[in-house]
Amino acid sequence: MDRATIKILGGGLEVGRAAVSIAYRGKTVLMDYGVSFSEDDKPQLPEHIRPSEIHVVAVTHAHLDHVGAAPYLYTTSSYPILVMNRLTKAVAEVLIKDFIKISGYYLPFDESDWFRAVESIHYVETGEEVDIGDIVITSMNSGHIPGSQTYIADLGSLKVAYTGDVNTIDTRLVRGFNTSSATADVLVIEGTYADVDHPERDVVEKDFIDSVREVISSGGNVLIPCFSLGRAQEILSLLYEKFSEGRVYYDGMIRIMNSILASYPEYINKYETLLRATKEFEEVKSASQRRKIVKNGGNVVVASAGMLKGGPSLYYLKKMYDDSRNAVFLVSYQAPQTPGRKLLENGVLDELGPIRARVEWFDFSSHAGFSGLLKIVESFKGLRTVVIIHTGEQAGTLSEALRDRYEVYVPRSGESIEIST
Ligand SMILES: [Zn+2]
């Protein structure tokens, strides 16, 4: 009998800094190595693991809470092979360089370590399989953002699946996780929304578009703060299909992400729609253009950053908050203590005071809710053990629903789980 050790290096009963190592028969696979941010914006790395002990590190997608600490694994002379796809690499490169520029002072790595990481990449596109030193890694679409992958690591007599962030519904931007064909002994699954079901997407979309129309028809402007990759493109595609009553602009890092995504049609569900949206809507390139947008009514601006932590969205907010005809429609998760969360909860922003513009939040989540997560677990054949990470108290609802059929763990960061084979 052999034993596998699954160690939660980060993302155990916390949302952020995802990192899980799987050690079995002398081989170690690491799934993701992300960062999280404390309330004072200091980056927090996962627990340390010696890079020379790892054979492969597989990164699921380009969000910093899954890839942000990866360069740290390339600061020594002996380091692992890095598995990801080309789109994830292209996007991660932009986000990591930006992250190092902003937070470099706190980080034990720099850009040269990221370059070493890039040289170590073994590209695995969605649907492909790779054999690295007797570890076979299969990638599947995880449905979270363009390029996001779920991995199944076959370590001989043990198959461990790791979802990364996952969603089951089809949107204009990405197709959902396909719950039909996988086999695994152990599933490590995210549980960001393990206790709720999101409202139906078409209901959210209709409500959103109706609200945008209301504001525009009464002469106001709409600001839509968005994450630069994923949500921004989904909102642009939605506006392109359903909204024609006003001018639509996009601003900030969204522009760079649009141009990257244009080269990866295979990772976009409705590629033509996105392409047309980015061509027909106007890219904001200058300060004078920004001033013009906020001066006149009838404009919709999709701008980064999604939680109003800087970027052009903050500029627009400052110019728009004082007019009750305007609106700020938040479409992303708002972390505690961020300006976006404060705006939603208190209707004020520290330096600005009370806001007169209409503020609303719309549930465009790219994470599966309770029913979707349950469907994913049940879709795996041969499954015995389920480990829920990237979650908090909400994991209780899902773990209760699974406990009579599977061995279920909701570990803290730093904890290990022993699996006998
Ligand atoms: Zn993510």
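Read the figures in this text as sums done on the coordinates, not as results from a lab. What you are looking at is a predicted structure, and each value in this text was computed from that prediction instead of being measured. Every residue, glycine among them, receives a Cβ derived from its backbone with ideal geometry; neighbour counts consider all protein chains shown.
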Please identify, among Gly16, Gly369, Gly353, the residue showing maximal mean-square fluctuation in a Gaussian network model of the chain using a 10 angstrom Cα cutoff.
Gly353
Mean separation of Cα contacts under 8 Å (at least 6 apart) over the residue count of the chain, i.e. the relative contact order in percent, is 20 percent
Say the dipole of the chain comes from +1 at the beta carbon of Lys and Arg and -1 at that of Asp and Glu; which of Thr183, Val301, Val67 then lies farthest toward its positive end?
Val301
Which listed residue (Gly311, Asn346, Trp361) has the Cα farthest towards the positive end of the charge dipole for the range 201-361, taking +1 on Lys and Arg C-beta and -1 on Asp and Glu C-beta about the Cα centre?
Gly311
What whole number of Å gives the distance from the Cα centroid of the range 208-276 to the Cα centroid of the range 29-55?
32 Å
Neighbour-limited loop hits for trypsin sites (Lys or Arg not before Pro), the range 66-100 (at most 15 other Cβ within 10 Å; DSSP other than H, G, I, E, B):
none
So what's the gap between the Cα centers of the range 361-388 and the range 283-336, to the nearest angstrom?
34 Å
Label zone at Ser259, where the point sits 7 Å out along the Cα-to-Cβ direction: the range 300-314 residues whose backbone N lies under 20 Å
302-305, 311-313
Just list whichever of Lys101/Lys342; Lys279/Lys318; Lys89/Lys375; Lys206/Lys295; Lys295/Lys319; Lys206/Lys319 have alpha carbons separated by over 18 Å in the model shown.
Lys101/Lys342; Lys279/Lys318; Lys89/Lys375; Lys206/Lys295; Lys206/Lys319
Estimated distance in nm for a label pair at Ser157 and Asp40, the labels positioned 7 Å out from Cα along Cα-to-Cβ:
5.1 nm
How big is the charge dipole of the range 201-361 about its Cα centre, in debye rounded to the nearest 20, if each Lys and Arg gets +1 on its Cβ and each Asp and Glu gets -1 on its Cβ?
500 debye
Of all DSSP beta bridges in the chain, what percent run antiparallel (nearest 5)?
45 percent
Report the full-extension gain for the segment Phe115 to Val203: residue separation times 0.36 nm, less the Cα-Cα distance, to one decimal in nm.
27.3 nm
Per-residue ellipticity at 222 nm for the chain, helices alone: DSSP H runs ≥ 4 residues times -39500 (n - 2.57), over residue total, nearest 500 deg cm²/dmol?
-8500 deg cm²/dmol
Would you mind telling me the antiparallel percentage of the DSSP bridges in the range 201-361, rounded to 5?
10 percent
Build a GNM of the chain with springs between Cα atoms under 10 Å: which of Phe37, Phe364, Phe329 gets the top mean-square fluctuation?
Phe37
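Counting other C-beta atoms within 10 Å, and keeping those with at most 11, which DSSP coil GluC sites (Glu not before Pro) do you find in the range 131-205?
In loop regions of the range 131-205 (DSSP not H, G, I, E or B), the sparsely surrounded GluC sites (Glu not before Pro) are Glu200.
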Name the long-range amide H neighbours of Val83: under 5 Å, sequence gap of 5 or more, or other chain; modelled H, no Pro or chain starts.
Val57, Ala58, Val59, His122
Given charges at beta-carbon only (K, R positive; D, E negative), |dipole| of the chain in Debye
1080 debye
Restricting to Cα pairs below 8 Å that are 6+ residues apart, what does the relative contact order work out to for the range 52-177? Please round to a whole percent.
23 percent
The simple spin-label model distance between Lys292 and Glu415, using points 7 Å out along Cα→Cβ, in nm, is 5.7 nm
Take Thr179 and Ser324, extend 7 Å from each Cα along the Cα→Cβ direction, and tell me the distance between the two endpoints in nm.
4.6 nm
Highest-first arrangement of 298-306, 318-326, 252-260, where packing means the average Cβ count within 10 Å:
298-306, 252-260, 318-326
For the chain, modelled as a GNM with alpha-carbon contacts under 10 angstrom, which of Glu266, Glu345, Glu125 fluctuates the most?
Glu345
